[in-house]
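Visitor: Have a look at this one.
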Amino acid sequence: MTALRRKTTIRGAPMKPLDLNVMCDICGKSRAHGSHQKCSKKRQAATAELRARENSDE
């Protein structure tokens, strides 16, 4: 069955594996189990705050 799978290519070269974290950086639990909506909202708020600081410095 693995012989039938297509390998994803970008510009003719095989694609590298994605560099994604398995563990949530907010709650420390596996991202594959449970909902991480609260963690996502915290992460978005932190990023928005960081961007606001960067824009105010300019």
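Readers should treat all values here as calculations from the given coordinates under stated rules, not as data from a laboratory. Worth saying up front: this structure is predicted, and the values here are computed from it rather than measured.
Visitor: Quick one: helix 37-57 against the long Cα principal axis of the chain, what's the angle to the nearest 10°, folded into 0 to 90?
Guide: Tilt of helix 37-57: around 60 degrees.
Visitor: Straight-line reach from Lys16: which lysines fall under 19 Å, measuring Cα to Cα and dropping same-chain residues less than 8 apart?
Guide: Excluding near neighbours in sequence, the set is Lys7.
Visitor: Treating cross-link reach as a plain straight distance, find the lysines whose alpha-carbon is under 21 Å from the alpha-carbon of Lys42, omitting any fewer than eight places away in the same chain.
Guide: List returned: Lys29.
Visitor: Report the equivalent ellipsoid semi-axes for the chain in whole Å, largest first, defined as the square roots of five times the eigenvalues of the gyration tensor built from alpha carbon atoms.
Guide: Whole-Å semi-axes of the equivalent ellipsoid: 34, 21, 8.
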